[in-house]
Every structure is written in C-alpha cells, then in structure tokens.
Ligand code: APR
C-alpha cells in the first residue's frame, strides 16, 4: 500500500487539474454508516432502501403530506448536524488548500467536507442541512425556515420567497433529477480534470457513477479547458485513482488506474503529507 500512496502523491503533484469524487465511505470514520458496506444502512435494512425509492414520487404527488411526514417522523441518519469531519475530510481540505485539488464532487449529504475545510464543493445529492426551491434552485440553511411553526399553522409545504415555488429538503431522492446547476458543473469538472481521486464510493449509483467513465473516455482535444500558459498540458488521458475498502465496478472495469485498498482516514492523510513533501509546501 505504501508504494501506491507514494504513486498517488506523485500523480497528484504532477497534475494540472485534479478533482476528488467522494461517497459515504468518506464519513464512516466520523460515525455515519455507509449504505452498501458490510454494516451499511441499506445492507442492514433493505426495506429502508425500498422506502427511499418512493420518497420523491410521494413528494411530487403530495408535497404537504411529504413535509408533514418529514417534520413529524424520524430521520434515517438522526441529526447529521452533530457529526464532525474525520482525518480524510481534513486531508481533502488540505489538498485543496495546497492548490492540488480544484473541486470536490460529493454524493454525501452530511456537510462534513465543508466542515473539513473544502471550499469548492459540489454536493451532487444535495445536503441534509439545507433546503432547496425545486423551481429556482435557491438554497437556504434548514434553520432559516421554522418548519415546526408551518406545521402548527397548517402552512406546509414551505414556499420560496424568491419565486414562490415549493421548497423541499436539498437532499436528492432516488428518481429526482440532479439539480441542473450541480449536474452541469460536475460534468464540466469531469471533462476538465487530468486526475480524478475517487474516495469511498461503491460507484453503483447513476448518474454520479458516469463521471469517472467520462474522465476515462475524454479526448486530448479538451485541452481548451487548461490554459496552456500554465505550462503542463494534459495528455488527454486522465489518471483515475480509487481509495476504497473494497474493489468496485470502476476497479473491475479498468476505469480506475489503480485502487489503494484500505481505510480512507489512514490513507488520505499520508497522501497529503507526501504531496506536501514533493511540492515542498
Ligand atoms: N475507508 C475506505 N472505504 C470505505 C470506508 C472507509 N473508512 N467505509 C466504507 N467504505 C467503502 C465501502 O466498502 C463501500 O464500497 O465505501 C463504499 C461506500 O459505498 P456506498 O455505501 O454504496 O455509498 P455511496 O457509493 O456513497 O452510495 C451512493 O447511494 O443510497 C444512495 O444517495 C445515496 O449517495 C448515496 C449513493
């Protein structure tokens, strides 16, 4: 593993436009279970996954009923606001601070990348600590709207103060389109990058799982995305690195160049320290 950690640090140090894609495996060491790992939420409770597939459909049919259930019922994660970033999140934040990582695209809704120092963040499946207008995509912190009061005064669902559209949680449900601002930006980043670091995802949920495939397939003619004056020009080939507890379809299909198999919280800080040494940061 040490050899691969050194290789990843060298690849990152050589990159011109590296991005990170992350999944629930980033947050298990913060105490938040993943979905499909050995003690994942769906692994332990397949019924919860089946119910999750119905959630967006129910919202579209009956936004008021959906909100009443949300405000009065339990959340499968409990209160995500109480969790802290782990060494993996901090290392990702540091790699952005060193100018190595340009963007992080996460499937996680727990807000831990932001708490871990990441600034340029795309929350592909939204964030459980935020709300979003489904019409104009305005987003606000959950605490900005008093949902219990709206319930008491029978004024659910919340409506957007900008456009009057219906507001839902920012988290993207199964079957719900990825908000187009995030979807477009993520696609652009996948085309732009010359290195993609993929941490803690089983890579089985689409369209997110398309992004590594795009990075693998793109052509050298996308050099327009990298300013030649920066010197290093991408070869067109994108280095795709996985850090995960187990192989994934990206490993099996050869989408990733290599898998560093193990714990993210142990591996990422070593990579960040090695990049610092190489770049004399
Ligand atoms: N270090 C390395 N890998 C880990 C760690 C860890 N500490 N903990 C878990 N993993 C790995 C698991 O082995 C698994 O392969 O992370 C991966 C997490 O996969 P999933 O649980 O499927 O999570 P994710 O890929 O993010 O799921 C995608 O599915 O249910 C939806 O919307 C939900 O965003 C989620 C999407």
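Rule-based calculations on the coordinates, nothing more; no lab input. The structure displayed is predicted, hence computed values, not measured ones. Cβ: placed from backbone, ideal geometry, glycine included. Neighbour counts: every protein chain shown.
For segment 246-260, which positions are surrounded by fewer than 17 Cβ atoms within 10 Å (Cβ to Cβ) and near the ligand (Cβ under 8 Å from one of its atoms)? Across segment 246-260, the qualifying residue is only 246. Step by step: first the residues of segment 76-112, then only those that are part of a loop (DSSP other than H, G, I, E, B) and free of Cβ contacts under 8 Å to residues at least 24 places away in the same chain, then the one that is nearest to the ligand (Cβ to nearest atom). Which residue is that? Filtering first and then ranking leaves 78.
Reported count of residues in segment 258-281, each being in contact with a helix residue (DSSP H, G or I) (Cβ under 8 Å, 6 or more places away or on another chain) and assigned to a loop (DSSP other than H, G, I, E, B), is 3.
Of the candidates 156, 150, 137, the single residue that is surrounded by 15 or more Cβ atoms within 10 Å (Cβ to Cβ) and not in a loop (DSSP other than H, G, I, E, B) is 150.
Residues are listed down the side, and each one gets a yes or a no for (1) surrounded by fewer than 13 Cβ atoms within 10 Å (Cβ to Cβ); (2) near the ligand (Cβ under 8 Å from one of its atoms); (3) outside any loop (DSSP other than H, G, I, E, B):
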position: 25; (1), (2), (3): no, yes, yes
position: 29; (1), (2), (3): no, yes, yes
position: 36; (1), (2), (3): no, yes, no
position: 42; (1), (2), (3): no, yes, yes
position: 47; (1), (2), (3): yes, no, yes
position: 53; (1), (2), (3): yes, no, yes
position: 58; (1), (2), (3): no, no, yes
position: 70; (1), (2), (3): no, no, yes
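Only one of 184, 188, 176 is under 24 Å from residue 112 (Cα atoms) and in contact with a helix residue (DSSP H, G or I) (Cβ under 6 Å, 6 or more places away or on another chain); which? After applying the criteria, what remains is 176. Only one of the numbered conditions (1) closer than 28 Å to residue 166 by Cα; (2) in contact with a helix residue (DSSP H, G or I) (Cβ under 9 Å, 6 or more places away or on another chain) is violated by residue 41, and that is (1).
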